[in-house]
Structures are given as C-alpha cells and as structure tokens.
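Here's the structure we're looking at; comments come further down.
The values are calculated or read from the model by the stated rules, or taken from the named source; none is laboratory data. Keep in mind that this is a model prediction, so the values were computed, not measured. With ideal geometry, Cβ positions are generated from the backbone for all residues, glycine too; neighbour counts draw on all protein chains shown.
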Ligand code: 9MR
Ligand code: 9MR
C-alpha cells in the first residue's frame with residue numbers, strides 16, 4: 001500500500017493514513033499490571049466530566065443481528081467477568097473481557113466486552129463488570145427508527161423562512177418564521193452584498209440555518225443536502241426507500257406524494273439555487289459563498305429577533321462547484337417526482353460548472369469570519385472532481401466524463417482519507433457517486449473506484465481495531481466537528497457494505513453508532529434525548545435552555561460537534577486544559593468548538609440512522625473486523 005500524504009486543508013490535520021494507523025496500533029499497549037478494580041482512577045488527566053460508569057455501552061442499544069460490544073475502563077491486567085442482565089436483573093449471558101490496554105485518543109486503560117452472540121431482545125439490559133453497571137440499553141430491530149425521524153426533524157427545525165409549528169416539532173419547539181424581512185430582521189428577502197461585492201440585492205430566503213448561528217453557507221448546506229439526498233438514492237438501491245418515503249416525517253409537506261426526505265432537502269436546494277448570481281450580472285452562474293449577519297449576535301437570539309444586517313459574501317469557486325454537484329445530484333434523484341424541478345436543478349448545475357471553469361481561482365478566505373463562519377477553502381480541485389462526477393453521473397456527457405477522468409482526484413490515493421470527507425474535502429463524494437451510480441466509465445475504472453471505497457473502509461476498520469472505543473478516526477483526528485468526521489467515515493463503511501455485502505463493513509458502520517451513542521471516553525451519548533446520559537446544552541441561539549430556562553433544550557436527535565483537541569472557544573480553554581483528544585468535550589452552551597450542532601454533522605447521522613433502521617437482508621453480522 002502506498003503511503004498517502006494529504007494536502008493541508010483549512011483546520012484539518014494532515015497525517016498519512018498508514019502513519020496514523022501505525023501510531024494508534026503502536027500506542028495501544030497493555031498497561032502495567034496493577035490490582036486496580038474497574039472504575040479506579042483510570043480516566044487520565046484533564047478529564048472534563050465525571051463519567052457515570054466505567055462500563056461504556058451504546059445507551060440506545062444494539063441490533064439483534066449486529067455487533068454488541070462495550071468498553072470497560074479498568075487498569076486490571078487480567079480479564080474480568082462481564083454479565084449481561086435483563087431488566088429484571090437476571091443474568092442472561094456472561095463471559096470475560098479482553099484486555100486492550102491504553103487507548104491513545106482517550107488515554108483510558110480499556111478492556112473489551114463482546115456479547116455479540118447473545119440473541120435475545122428487550123429493553124432495560126445492563127452490562128455489569130466487577131460490580132459496576134452500564135447505563136441501561138435495549139436490544140431490538142426497530143431501535144434506529146425514531147432516531148432516523150428525529151435526526152431529520154432537526155433539519156425541519158433549522159429551517160429559515162418558515163414558521164415552525166409545535167404540532168410538528170413538539171411542544172416548546174414552535175417559533176415564528178425567521179428572516180423573511182419582517183422587523184427587526186434585515187433579510188433574507190432582499191439582501192445586499194458586502195461592500196464592493198455587488199450593487200444589487202437578492203432574495204435568498206429559505207434554507208437551513210447552519211448550526212447554532214443564523215448563517216447560511218453554501219459549502220456546508222450543499223454537503224448536507226447531498227448527504228440527505230444520497231441517503232435516499234442509496235435506499236433506492238437497497239430496496240428500502242419506502243422507509244424514507246412520503247408521510248414518514250413530521251414536516252409540512254407530509255402527504256404531498258413526494259418522499260419526505262426529498263421535501264426536506266428541497267428546502268435547502270431551493271435556497272442554494274437562490275444563491276446563484278443571475279444571468280445578467282457579473283460572474284453570472286457563480287454562487288455567493290454565504291449569507292450571514294454583519295456582526296455576531298448574542299446567545300440566545302431567536303431567528304425572528306435577529307436585528308443584524310444580513311449580507312451576501314463574495315462568490316467563490318468552492319461554493320459554485322458545491323452548487324454544481326448538489327444540483328446535478330438533484331436533477332438525477334428528483335426527476336421521477338418533479339421533472340420541472342429536476343430540470344431547473346440541472347440548468348443551475350450546468351451554469352455553475354461553466355462559471356466555475358471561467359473563475360477557477362475565487363478562493364474563500366479563512367479571514368472572513370465576522371458575524372458568521374469563514375468556511376475558507378484554498379483547494380478547489382476536489383470540488384471540481386465532485387461536481388464533474390455528479391454532472392457525469394446525471395448526464396453521461398463526454399465533457400463531464402473527461403473532467404472526471406483527467407482530474408488528479410480520479411486516481412489519487414488521497415480522495416478517501418482516514419480523517420474523512422467534509423465541507424472542504426469533497427473528492428470522496430465524487431468517488432462514492434461513481435462507485436454506486438451506473439455511468440459510462442469503463443468496467444475496470446468503475447471496479448477501481450469501488451476498490452478505493454472498500455480500501456478506505458478497510459482502513460477505517462483497521463483504525464477501529466486499534467482503539468479502545470472502536471472509533472473510525474485516528475487519535476490525531478479530533479478536530480472541530482469530530483463527530484461529523486466519525487459519522488462520515490461510517491457512511492463510507494456502509495457504502496462498502498452495499499458494494500460488497502461484506503458483513504464486517506456493516507458491523508463497522510453500526511459499531512460507529514455505538515461510539516456516538518455512549519461507548520466513549522466521556523460515557524456520554526452525543527445525541528440529545530438518546531441515552532440515559534446525553535448532551536443537552538449544545539450551542540444554539542434558540543435551543544438555549546442553559547442560558548435562558550424559558551427556552552427549550554436542543555430537540556431529540558441533535559448531534560454535538562464532539563471532542564476537539566484544538567480547544568477553540570473560551571469555555572473549552574478554561575475547562576479542558578490538558579484533555580486527552582477524545583475527551584476534549586464539554587456539554588456547555590458556551591463551548592461552540594466542541595458542543596455546537598450543525599447541519600453537516602446531523603446529515604450523516606440521518607444517513608446512518610436510516611441505514612441502521614433497515615432490516616439486514618444479508619444475514620447475520622459479526623463484530624467489526626470479523
Ligand atoms: O455562535 C457562533 C458559532 O456558531 C460559531 O461556530 C463560532 C465560531 O465561528 O462563533 C460563535 O459566535 C461567537 C463569536 O465567535 C465570538 N463571540 C461570541 C459568539 C458566541 O455568542
Ligand atoms: O465545522 C466548521 C469547522 O470545520 C471549522 O474548523 C470551524 C472554524 O472555522 O467552523 C465550523 O463551522 C462553524 C461555522 O464556522 C459557523 N457556524 C457553525 C459551524 C459549526 O460550529
């Protein structure tokens with residue numbers, strides 16, 4: 001295997017996959033022999049929150065045909081007995097742990113408890129080791145259906161430009177429409193550009209608010225819409241699209257004959273197309289990089305109370321290509337439901353592509369971060385590849401094929417990395433489409449693309465196998481939004497399962513959900529409302545209960561950004577000095593660099609919940625790596 005190197009990109013760390021994997025493996029050494037009991041001081045320095053229990057399980061639960069593993073934090077050098085107890089406290093299975101040693105990312109001394117062979121179902125199970133009990137969890141087939149729906153409702157509730165009805169969102173979650181030009185809002189129905197960028201105004205209503213702020217950013221919104229539409233396209237191949245069909249979600253468009261997931265994504269797609277420079281203006285066809293407040297608003301601020309001037313920021317090549325890719329995917333997937341909308345998407349995608357080719361160097365700077373996130377991205381060759389791949393998959397046209405096959409990303413070993421794709425790293429998205437959507441690429445080229453996806457998935461499994469908590473992220477990968485990177489890597493695992501039927505890939509994707517839902521260094525489910533001990537104070541200007549008790553907490557199904565070793569906010573800096581990377585997280589509303597929500601983190605959660613909610617059609621699943 002060649003040693004890949006990764007171009008330095010924005011905030012992302014760059015370590016070669018091989019080096020990262022070797023590092024994890026080398027540092028996963030068995031701790032010194034001691035007689036410490038489970039739960040003795042094994043949590044290492046800099047721990048932010050006191051964990052409830054050293055027995056770390058998926059607090060939602062496990063699938064009957066999936067892997068069932070937990071991590072036990074203990075310095076014991078000898079294996080320990082684990083017991084699986086049912087709700088009545090009766091022992092229904094038992095075994096011994098495997099000593100795993102010190103986990104690099106968390107600095108925890110760990111054992112593995114594997115109860116995959118247990119085939120019973122129910123709720124209220126606990127795993128007990130040395131007198132310490134895990135949080136309760138269920139074992140059952142339908143476990144992820146509610147999460148699929150709640151993680152989707154997050155998007156509905158992030159919608160700009162429409163009132164959120166409590167009848168759909170739940171009691172306490174209703175609010176007036178934001179940013180429809182009603183005072184004190186100054187936007188988004190007629191928004192000026194920043195000085196010097198343009199001399200006209202645009203109606204850019206709609207879309208999803210990015211995160212805890214009220215900005216709307218094309219690169220992040222596009223990636224999120226793409227993932228949602230991809231989940232639907234993928235379900236169609238798997239024969240499970242019905243679960244994402246019409247009247248499956250709590251959204252206003254329920255019952256309109258169009259799959260609800262596509263209705264939700266269309267809310268964003270319509271906004272993205274509004275961000276395109278009109279035909280009669282300079283840089284026609286380009287997409288404005290973003291629209292947000294001129295200055296940061298305070299926390300809390302409900303959307304309809306935002307009095308800041310809204311502004312369009314200079315078009316960028318990255319945003320334009322993101323629009324091209326997402327709109328091209330739209331044209332393909334929406335065609336059976338709304339031919340006119342699909343045609344509008346394709347027209348927008350083509351114009352964006354042409355404009356990006358004419359303006360290949362309009363780079364969004366990292367410095368443009370007043371009042372909204374910068375989303376700077378200096379490398380756009382990967383966005384060119386992704387857009388070309390989507391346009392080719394949709395149209396089959398030679399010009400787009402040539403743009404695919406001549407792109408350095410078509411053969412690069414860096415398209416899929418150990419750290420995962422993201423808003424700035426999009427080559428992997430092109431690969432996923434070319435691997436799964438039939439195109440006119442040669443059979444051998446398609447086979448090569450598919451092999452690159454499964455090779456990446458094998459890399460993720462190797463990363464997981466080298467860790468105490470089986471996370472598909474190297475120890476050096478805990479950056480801002482690490483939970484999103486983890487979830488994105490699990491999407492790659494799931495696609496590898498679809499491509500090959502290899503059970504280890506399905507197990508890896510599902511075992512990743514274990515990490516997000518409580519099998520981790522903090523003994524915490526990062527998803528609000530899922531698990532006995534879950535995040536509930538994520539950074540958000542409306543779901544700001546911690547700052548104002550009259551406001552709600554984030555709704556169920558909201559994923560926190562997750563551990564970020566960079567400590568890039570004042571709360572993290574004050575409360576987490578010296579933290580182990582996987583423990584650099586605090587459930588505090590002020591910690592936006594570890595505890596914000598964002599559309600690009602909830603989108604892969606939707607994707608994975610939909611995957612995990614489907615019945616396994618290919619037989620029984622063993623543990624990851626098995
Ligand atoms: O609330 C903002 C959050 O959405 C961003 O991710 C973060 C970084 O860009 O910034 C937050 O806003 C803070 C600003 O950067 C500094 N002043 C305090 C703001 C939080 O209210
Ligand atoms: O997810 C973004 C992360 O990759 C960046 O490192 C970080 C700082 O630039 O910004 C994150 O995105 C935030 C954006 O800037 C503003 N809205 C909230 C986003 C999530 O925290």
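Can you find a residue that is more than 30 Å from residue 298 (Cα to Cα), touching a helix residue (DSSP H, G or I) at 6+ places or on another chain (Cβ under 6 Å) and touching a residue at least 24 places away in the same chain (Cβ under 8 Å) anywhere in the stretch 438-447? Among the residues of the stretch 438-447, at least one is more than 30 Å from residue 298 (Cα to Cα), touching a helix residue (DSSP H, G or I) at 6+ places or on another chain (Cβ under 6 Å) and touching a residue at least 24 places away in the same chain (Cβ under 8 Å), which makes the answer yes.
Criterion first (more than 20 Å from the chain's Cα centre (by Cα), within 18 Å of residue 319 (Cα to Cα) and in a loop (DSSP other than H, G, I, E, B)) does residue 250 satisfy it? Show your work before the answer.
Working: more than 20 Å from the chain's Cα centre (by Cα): yes; within 18 Å of residue 319 (Cα to Cα): no; in a loop (DSSP other than H, G, I, E, B): yes.
No: the conditions fail for residue 250.
Checked against (1) closer than 30 Å to residue 68 by Cβ; (2) at pLDDT 95 or above, residue 119 meets all criteria but (2).
Name the single residue that is nearest to residue 366 (Cα to Cα) among those in the stretch 178-235 being assigned to a strand (DSSP E or B) and either within 16 Å of ligand 2 (Cβ to nearest atom) or under 25 Å from the mean Cα position of the chain (by Cα) (or both). Reasoning before the result, please.
Residues of the stretch 178-235 that are assigned to a strand (DSSP E or B), as a first pass: 186, 191-193, 201-202, 208, 211, 216-217.
This time we only want the ones that are either within 16 Å of ligand 2 (Cβ to nearest atom) or under 25 Å from the mean Cα position of the chain (by Cα) (or both), so: 208, 211, 216-217.
Numbers: 208: 22, 211: 18, 216: 16, 217: 14 Å.
For the stretch 178-235, the residue satisfying everything is 217.
Quick grid of which residues meet (1) over 21 Å from residue 117 (Cβ atoms); (2) not in a helix (DSSP H, G or I):
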residue	(1), (2)
464	no, no
472	yes, yes
476	yes, no
483	yes, no
488	yes, no
498	yes, no
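Tallying residues that are within 19 Å of the chain's Cα centre (by Cα) and either assigned by TED's automatic domain parsing to the domain that holds residue 300 or within 14 Å of ligand 2 (Cβ to nearest atom) (or both) within the stretch 585-608 yields 15.
Say whether the condition of being within 16 Å of ligand 1 (Cβ to nearest atom) and surrounded by 19 or more Cβ atoms within 10 Å (Cβ to Cβ) is met by at least one residue in the stretch 330-341. No: zero hits. Residues considered: 525, 550, 535. Of these, the only one that is away from ligand 1 (no atom under 15 Å from the Cβ) and free of Cβ contacts under 8 Å to residues at least 24 places away in the same chain is 550. Which of the residues that make up the stretch 273-328 are surrounded by fewer than 24 Cβ atoms within 10 Å (Cβ to Cβ), within 15 Å of ligand 2 (Cβ to nearest atom) and assigned to a helix (DSSP H, G or I)? Listed by number, the list holds a single entry, 303. Among the residues of the stretch 566-608, those identified as under 28 Å from residue 229 (Cα atoms) and more than 14 Å from ligand 1 (Cβ to nearest atom) are 602, 603, 604, 605, 606, 607, 608.
Being within 16 Å of ligand 2 (Cβ to nearest atom), outside the structural domain of residue 209 (by TED's automatic domain parsing), touching a helix residue (DSSP H, G or I) at 6+ places or on another chain (Cβ under 8 Å) and not in a loop (DSSP other than H, G, I, E, B) holds for only one residue in 565, 572, 582, and it is 572.
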